[in-house]
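K.L.:
What follows is a single structure, and I will ask about it in a moment.
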Amino acid sequence: MISVEKLTKRYPAKTAIEGMSFQVERGEILGFLGPNGAGKTTTMRIITGFMPATDGKVSVDGFDVFENPLDVRRRIGYLPESPPLYLEMTVSSYLRFVAKIKGVLKQKLDIEVKRVMERVNIADVQDRIISKLSKGYKQRVGLAQALLNDPPVLILDEPTIGLDPKQIHEVRELIKDLAGNHTVVLSTHILPEVEQTCHRVIIIDHGKIVAVDTPKNLRSQLQGAERISIEVQGPFSEVVSKLKAMPGVVDVQKVGDLDGRHKLQIESELQKDLRSDLARTIVQNGWGLYELQSATMSLEDIFLKLTTAEEAEKQGT
Amino acid sequence: MRNISAIVERELRAYFNSPIAYVVLTIFIFLSGLFFRSILAQVMQMALMSQMQAQQFGPRPIDMPGIISRGFLSTMSVILLFVMPMLTMGLFSEEKKRGTIELLLTSPLTDLQVVLGKFFAAGAFYLILLLSTWIPMGVLYLYGSPASGPILTAYLGLLLYGLAILAVGLFISTLTENQIIAAILSFGAIMVLWLVDVVAQNSESATSKGVLTYLSILSHLDDFMKGVLASSNVIFYLSLMLVALFLTYRSIDSLRWRG
């Protein structure tokens, strides 16, 4: 549905995106993950035709963004980073305006506006002035605007920013609901969001793609080591040295002390479950075992690992 | 066309949803009334004088409504200079500031449609301002019978002159995110186009005098006010308008490149 090839965007002072290529399938939810300034917004702005790229090719539903900008824009619903609202208008008159410029036919205007308002749950504020609405409502009005004229592609730049947890949940459910009929590209820097909503994740940093995969695969692929956290009571240095000597243990790190008990984190070799071995060693030495838990790396860890690895690599060269 | 009308409608609503429309209309109508009254008083005095002269040298007819309408409409052209930057200052600067420009430029509209929509909206409001001058002008028709020809050309001149200035203001509002800056810059640009006339008067060489007089935005109105419809004046205003609109269009394009 969306195809991005060797996309590059250079500003006089810096390069925002460098040789980025990826595809988005019909009905897929793709998550863009990356620190602020990584190039997420720039990429989205190029796909929506807001700004031209320096180099590369972007097509949506077979239409080239540079050659047929209007055909592309007709197929995209876009929610920019800050919702583009005319604050002095009422919700319904704003949505009517957007529907008109998106080419919704006059006789369908009312039905379409009503449909999107119900979809994002803002029908109760339709006659209110937008500037008087709470941030959550404003964000939802922005989302409603993107849904007008039912575009097959939705580009959402940080769709859940500024919402309370309940609204965040609602918006995520809505996005999941939209998938199938719609192709969704969303950006975020909230990691659980990606895990909960996206089929596929692209992690970008400094304008380059660092990783592309499903959230699940990303996690298992990138786990260089399993982690086990334990809470043990015993002579600290002896515990550490004995555990380190165990086969399969890569590293032992102290996390904290609590009432004479030590919280330790143990990194083991890949695909090796050391939990029963660890328990045996501790019991055999007569120490007290209070807790033993395997801790998989969260996406957050992976994300940090990836983006900082990139940084280190850069500094090395 | 429907796209353009959607933008025109939104902009006109925005004028009337904010205090701008009411402030501009109130000030303009108040000032035009004030000037009309003082011009009327002056011409009355003149008429009295000429009546006294007539007793000595024989009657000489004077066209009172004509003198009043010409004086009044020329004064309007100056007042409008101060009012028009207020109509265009927010047209693009506000969109840039609030980020709504991103909505317009990613919707299935061409840049030209966006520019024309904004321009027509400002033009429509300007028409309302021009129509409001019919409150005092109506008085002339009520109590006299002015020759309609010069009045018609004067209004045509004011219309072309206004549209050219609005186009300049529209271009300037694409350059900044700040309405006030846009208003001040537009005002400055208009003042320059106005004051080249004064510079021209003091100019020594004939060529520079000619060029500067040609560039002056007010000098082209004189013929219209006298009832003369010269194509060179029409072309001057139309080309100023088209150049400014073209610059607006290019400026929006460069906005995309810069992001």
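The values are calculated or read from the model by the stated rules, or taken from the named source; none is laboratory data. This structure is a prediction, so every number in the text was calculated from the model and none was measured. FYI the Cβ positions are ideal-geometry reconstructions off the backbone, even for glycines, and counts take in every protein chain you see.
K.L.:
Do you know which of the residues in the stretch B:175-212 that are free of Cβ contacts under 8 Å to residues at least 40 places away in the same chain and among the hydroxyl-bearing types (S, T, Y) is farthest from B:M89 (Cα to Cα)?
P.N.:
Step by step, filter the stretch B:175-212, then rank; the result is B:S205.
K.L.:
Here are A:V113, A:V120: which of them is away from chain B (no Cβ under 11 Å), closer than 24 Å to B:R2 by Cβ and of a type outside the set (K, R)?
P.N.:
Matching residue, one of A:V113, A:V120: A:V113.
K.L.:
In the list A:V141, A:V125, A:V104, which residue meets the criterion of being surrounded by 17 or more Cβ atoms within 10 Å (Cβ to Cβ) and over 29 Å from A:M51 (Cβ atoms)?
P.N.:
Sole residue among the options that is surrounded by 17 or more Cβ atoms within 10 Å (Cβ to Cβ) and over 29 Å from A:M51 (Cβ atoms): A:V125.
K.L.:
Please go through the stretch A:206-217 and pick out each residue that is modelled with pLDDT of 85 or more and either outside the structural domain of A:K6 (by TED's automatic domain parsing) or among the basic types (K, R) (or both).
P.N.:
A:K208
K.L.:
If I ask for residues that are crowded, with 17+ Cβ neighbours inside 10 Å and assigned to a helix (DSSP H, G or I), which ones from the stretch B:173-196 would you list?
P.N.:
Passing the criteria: B:S173, B:Q179, B:A182, B:A183, B:L185, B:S186, B:F187, B:A189, B:I190, B:L193, B:W194, B:V196.
K.L.:
Same structure, new question: Quick check on the stretch B:81-100: of everything there that is of a type in the set (A, V, I, L, M) and buried (at least 23 other Cβ atoms within 10 Å of the Cβ), which residue is farthest from B:V24 (Cα to Cα)?
P.N.:
B:L91
K.L.:
Another question, then. Kindly indicate whether any position in the stretch A:75-91 is crowded, with 16+ Cβ neighbours inside 10 Å, at pLDDT below 90 and closer than 29 Å to B:F16 by Cβ.
P.N.:
Within the stretch A:75-91 (the criterion being crowded, with 16+ Cβ neighbours inside 10 Å, at pLDDT below 90 and closer than 29 Å to B:F16 by Cβ), the answer is yes, since at least one residue qualifies.
K.L.:
Among B:G90, B:G33, B:G66, B:G71, which is outside any helix (DSSP H, G or I) and among the small types (G, A, S)?
P.N.:
Only one candidate passes the filter, namely B:G90.
K.L.:
What residue, among those in the stretch B:239-259 that are under 16 Å from the mean Cα position of the chain (by Cα) and surrounded by fewer than 14 Cβ atoms within 10 Å (Cβ to Cβ), is nearest to the other protein chains (Cβ to nearest Cβ)?
P.N.:
This residue is B:L242.
K.L.:
Determine which member of the set B:S38, B:S77, B:S50 is in contact (Cβ under 8 Å) with a residue 40 or more places away in the chain and polar (S, T, N, Q).
P.N.:
B:S77
K.L.:
Is it the case, given these coordinates, that A:G49 is under 19 Å from A:L156 (Cα atoms) and either part of a loop (DSSP other than H, G, I, E, B) or modelled with pLDDT of 95 or more (or both)?
P.N.:
yes
K.L.:
Out of the residues in the stretch A:85-110 that are in a loop (DSSP other than H, G, I, E, B) and more than 25 Å from A:G27 (Cβ to Cβ), which is farthest from the other protein chains (Cβ to nearest Cβ)?
P.N.:
Among residues in the stretch A:85-110 that are in a loop (DSSP other than H, G, I, E, B) and more than 25 Å from A:G27 (Cβ to Cβ), the one farthest from the other protein chains (Cβ to nearest Cβ) is A:L105.
K.L.:
Can I ask one more? Is there a residue being surrounded by fewer than 16 Cβ atoms within 10 Å (Cβ to Cβ), closer than 16 Å to B:S74 by Cα and among the aliphatic types (A, V, I, L, M) anywhere in the stretch B:215-229?
P.N.:
yes
K.L.:
If we keep just the residues of the stretch B:101-153 that are part of a loop (DSSP other than H, G, I, E, B) and within 14 Å of chain A (Cβ to nearest Cβ), which is surrounded by the fewest Cβ atoms within 10 Å (Cβ to Cβ)?
P.N.:
Residue satisfying both the conditions and the ranking: B:T110.
K.L.:
Another question about this same structure. Residues B:G138, B:G99: which one is at positive phi and free of Cβ contacts under 8 Å to residues at least 40 places away in the same chain?
P.N.:
From the options B:G138, B:G99, the qualifying one is B:G99.
K.L.:
Here's something else I'd like to know. Taking the criterion of being polar (S, T, N, Q), more than 10 Å from chain A (Cβ to nearest Cβ) and part of a helix (DSSP H, G or I), would at least one residue in the stretch B:20-30 satisfy it?
P.N.:
Within the stretch B:20-30, one or more residues are polar (S, T, N, Q), more than 10 Å from chain A (Cβ to nearest Cβ) and part of a helix (DSSP H, G or I).
K.L.:
Does A:I46 qualify as being within 14 Å of another protein chain (Cβ to nearest Cβ) and buried (at least 18 other Cβ atoms within 10 Å of the Cβ)?
P.N.:
yes
K.L.:
So A:G136 ticks every box in (1) at pLDDT 90 or above; (2) part of a helix (DSSP H, G or I); (3) more than 8 Å from chain B (Cβ to nearest Cβ) but one. Which box is left unticked?
P.N.:
A:G136 satisfies all of (1) at pLDDT 90 or above; (2) part of a helix (DSSP H, G or I); (3) more than 8 Å from chain B (Cβ to nearest Cβ) except (1).
K.L.:
Would you check which residues across the stretch A:59-84 are in a loop (DSSP other than H, G, I, E, B), more than 7 Å from every other protein chain (Cβ to nearest Cβ) and in contact with a helix residue (DSSP H, G or I) (Cβ under 7 Å, 6 or more places away or on another chain) and list them?
P.N.:
A:V65, A:E81, A:P83
K.L.:
So if I check each of A:T183, A:T160, which one is assigned to a strand (DSSP E or B) and among the polar types (S, T, N, Q)?
P.N.:
Result: A:T183 is the single residue among A:T183, A:T160 that is assigned to a strand (DSSP E or B) and among the polar types (S, T, N, Q).
K.L.:
Which residue pairs have Cβ atoms closer than 7 Å, lie 6 or more positions apart in sequence or on different chains, and pair a first residue in the stretch A:51-76 that is without any contact (Cβ under 8 Å) to a residue 12 or more places away in the chain with a second residue that is of a type in the set (A, V, I, L, M, F, W, C)?
P.N.:
A:D71/A:F63
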